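The structure appears below as structure tokens.
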Amino acid sequence: MPAASQPRPSAAAPTGPEKHPFDPDEAFRRLRIMVADLPKAAMFELRDRGYGSPYEQLVASLISARTRDEVTTPVCLRLFAVARRPEQMAALDEAELVELLRGATFPEPKARDILALSRRILAEHGGEVPDTLEGLTAFHGVGPKIAALTLGVAFGKPVIAVDIHVHRITNRWGIIATATPERSMAALEAVLPPHYRIEINERLVPFGKFVCTGVRPRCSACLLLDMCRQVGVTTAR
């Protein structure tokens with residue numbers, strides 16, 4: 001697939017092998033190899049542990065906002081041992097829910113948002129989580145990334161959840177050129193086949209944490225180096 005807008009690498013970028021056009025099929029084949037033994041992104045870890053329902057994914061995604069995955073997963077497991085459905089959650093006392101969320105960032109406002117959306121799901125949606133971006137973002141505390149994760153992981157809809165890793169890496173590859181994650185979502189939809197739109201978050205979160213890091217990425221160990229334009233990379237390992 002031809003790249004959408006391929007900025008030239010910085011003049012100071014590390015030299016590497018001859019560059020080839022970005023091939024999404026080959027890129028994802030290599031990504032799967034590279035992240036196979038790395039810790040999974042939290043939403044996918046929870047899904048694979050049996051917590052993949054729309055309600056569980058919505059709540060977990062909200063908890064994950066500004067919280068590290070290694071904290072998000074145990075907090076969610078603790079919470080879901082007590083409440084996994086909206087009626088169970090809505091029955092909790094707010095103070096009890098705050099305690100269950102301890103460790104995650106902003107437990108008090110997140111507890112209020114979880115209680116409020118649980119009650120609205122029961123009162124306005126018959127206990128079912130909405131399956132549209134508009135329906136999900138109507139809940140307080142649920143932004144585009146949280147909604148996209150819920151739609152993708154739980155509903156299987158080809159929606160791209162763009163976090164800092166997806167935004168940074170795809171711009172570094174040179175397949176898009178955007179200033180914000182919100183703009184990256186739209187740009188990636190134009191260049192990424194639908195069958196990779198859920199998987200991109202699953203692969204790029206661990207890849208971004210351990211290989212294609214924000215500072216001094218491990219380019220010498222990267223299987224995608226010959227397809228990466230290394231945009232903005234001035235030093236690498």
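The values are calculated or read from the model by the stated rules, or taken from the named source; none is laboratory data. A quick note: this is a predicted structure, and the numbers were derived from the prediction, not measured. Using ideal geometry, Cβ is built from the backbone for each residue, glycine included, and neighbour counts are taken over all protein chains shown.
Taking the residues in the stretch 155-194 that are surrounded by fewer than 18 Cβ atoms within 10 Å (Cβ to Cβ), of a type in the set (Gly, Ala, Ser) and out of contact with any Ser or Thr (no Cβ under 7 Å at 6 or more places or on another chain) as candidates, determine which candidate is farthest from Pro24 (Cα to Cα).
Ala179
Only residues that are in contact (Cβ under 8 Å) with a residue 24 or more places away in the chain and either closer than 21 Å to Ala147 by Cα or assigned to a loop (DSSP other than H, G, I, E, B) (or both): list them for the stretch 74-95, please.
Val75, Cys76, Leu77, Phe80, Arg84, Arg85, Pro86, Glu87, Met89, Ala90, listed by residue number.
Just one of the numbered conditions (1) in a helix (DSSP H, G or I); (2) under 13 Å from the mean Cα position of the chain (by Cα); (3) closer than 22 Å to Gly232 by Cβ; (4) not basic (Lys, Arg) is not true of Asn171; which one?
The number of the failed condition is (2).
State which residue is nearest to the chain's Cα centre (by Cα) when the search covers only the stretch 113-146 and only residues that are over 26 Å from Ile160 (Cα atoms) and buried (at least 16 other Cβ atoms within 10 Å of the Cβ).
That would be Leu115.
With respect to Glu108, determine if the residue is of a type in the set (Asp, Glu), under 27 Å from Lys209 (Cβ atoms), assigned to a helix (DSSP H, G or I) and in contact with a helix residue (DSSP H, G or I) (Cβ under 7 Å, 6 or more places away or on another chain).
For Glu108, the condition - of a type in the set (Asp, Glu), under 27 Å from Lys209 (Cβ atoms), assigned to a helix (DSSP H, G or I) and in contact with a helix residue (DSSP H, G or I) (Cβ under 7 Å, 6 or more places away or on another chain) - is not met.
Output yes when any residue across the stretch 207-216 is of a type in the set (Gly, Ala, Ser), buried (at least 20 other Cβ atoms within 10 Å of the Cβ) and within 18 Å of Phe44 (Cβ to Cβ), and no when none is.
yes
Every residue in the stretch 214-233 that is under 17 Å from Asp37 (Cβ atoms) and not hydrophobic (A, V, I, L, M, F, W, C), please.
Arg218, the sole residue that qualifies.
Can you confirm whether Arg197 is among the charged types (D, E, K, R) and buried (at least 22 other Cβ atoms within 10 Å of the Cβ)?
No.
In the list Ala186, Ala221, Ala236, which residue meets the criterion of being touching a Cys at 6+ places or on another chain (Cβ under 7 Å) and not assigned by TED's automatic domain parsing to the domain that holds Ser53?
Ala236
Just to check your reading of the model, which residue among Val98, Val71 is in contact with a strand residue (DSSP E or B) (Cβ under 8 Å, 6 or more places away or on another chain) and either in a helix (DSSP H, G or I) or in contact (Cβ under 8 Å) with a residue 60 or more places away in the chain (or both)?
Going through Val98, Val71 in turn, the sole match is Val71.
Does Ile160 count as under 19 Å from the mean Cα position of the chain (by Cα), at pLDDT 95 or above, closer than 20 Å to Leu58 by Cα and not in a helix (DSSP H, G or I)?
yes
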